[in-house]
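Here's the structure we're looking at; comments come further down.
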Amino acid sequence: IQKQGYTTRLILVVFSVLMGAINFGYNTSVLNTPEAIIRQSLTSRPWVDDFSWAIIVSIFCIGGLLGSTIAPPLLDTMGRKTFLLYNGIFLTLALLFQAVSMGVMWLAVARLLIGVSCGGSTVAVPLYLGEIAPVNLRGSLGTLNQFAMVVGILLAQILGRP
């Protein structure tokens with residue numbers, strides 16, 4: 001059996017798939033750095049109290065739970081590539097909804113939807129990477145999922161600086 005190496009197509013596919021993991025890391029941490037600015041800009045109240053902010057931040061985790069629960073049956077029925085494509089479209093729409101949200105409730109709903117998409121990504125990305133990776137590269141490509149999440153967290157912290 002001949003060992004397969006990194007091909008241009010494999011690198012492009014892996015990079016494209018890892019965007020889901022980067023988005024997960026980014027959205028996990030995106031509200032931390034610009035918290036004061038976001039809280040002041042919400043129009044529903046002059047200042048968002050701590051409980052409302054906690055709901056906005058933590059509802060992402062509930063969405064992740066929902067997304068990771070519904071992803072396995074969808075992955076089996078739709079297929080891996082199709083699921084990742086639709087999940088990316090759903091994430092884009094949810095991010096646009098978050099960008100135009102001007103109240104606590106709407107921001108919380110947007111974060112819930114983003115959490116659903118990111119929860120689906122946490123199931124689909126490592127599964128797909130393991131399936132497309134040649135046997136001799138499976139370990140190294142499998143670790144890229146966690147690395148991409150950390151890169152997403154780092155990007156959120158850097159880009160969130162005022």
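The values are calculated or read from the model by the stated rules, or taken from the named source; none is laboratory data. Treat the numbers as computed from the prediction; the structure is a model and nothing was measured. Here the Cβ positions follow ideal geometry from the backbone for every residue, glycine too, while neighbour counts run over all protein chains shown. Protein only, heavy atoms only, side chains kept; ligands, DNA and RNA dropped before computing areas. Shrake-Rupley method; radii C 1.70, N 1.55, O 1.52, S 1.80 Å.
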Cα pairs beyond 19 Å in the stretch 70-162, in percent, come to 53
The chain, convex hull of Cα, quarter of hull surface, nm² -> 10.1
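Report the full-extension gain for the segment K81 to E35: residue separation times 0.36 nm, less the Cα-Cα distance, to one decimal in nm.
On the way: separation 46, 0.36 × 46 = 16.56 nm, distance 3.52 nm.
My answer for the length gained is 13.0 nm.
At 1.4 Å probe radius, can you tell me the per residue accessible area of the stretch 88-162 in Å²? Display every interim value, and only then the final one.
Working: 3750 Å² over 75 residues.
Counting only protein heavy atoms, the per-residue value for the stretch 88-162 is 50 Å².
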Taking Cα atoms only, helix 8-29 is inclined relative to the longest principal axis of the chain by an angle, in degrees rounded to 10, of 30
Placing each pseudo-label 7 Å from Cα in the direction of the beta carbon, L154 and A99 end up separated by a distance in nanometres of 2.5
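Give me the percent of the accessible area of the stretch 61-101 that comes from carbon and sulfur atoms, probe 1.4 Å, all protein chains in place. Don't skip to the answer; put the middle values down first.
Details: 1930 of 2540 Å².
Of the solvent-accessible surface of the stretch 61-101, carbon and sulfur hold 76 percent.
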Most packed first (mean Cβ within 10 Å per residue), the peptides 104-116, 140-152 order as 104-116, 140-152
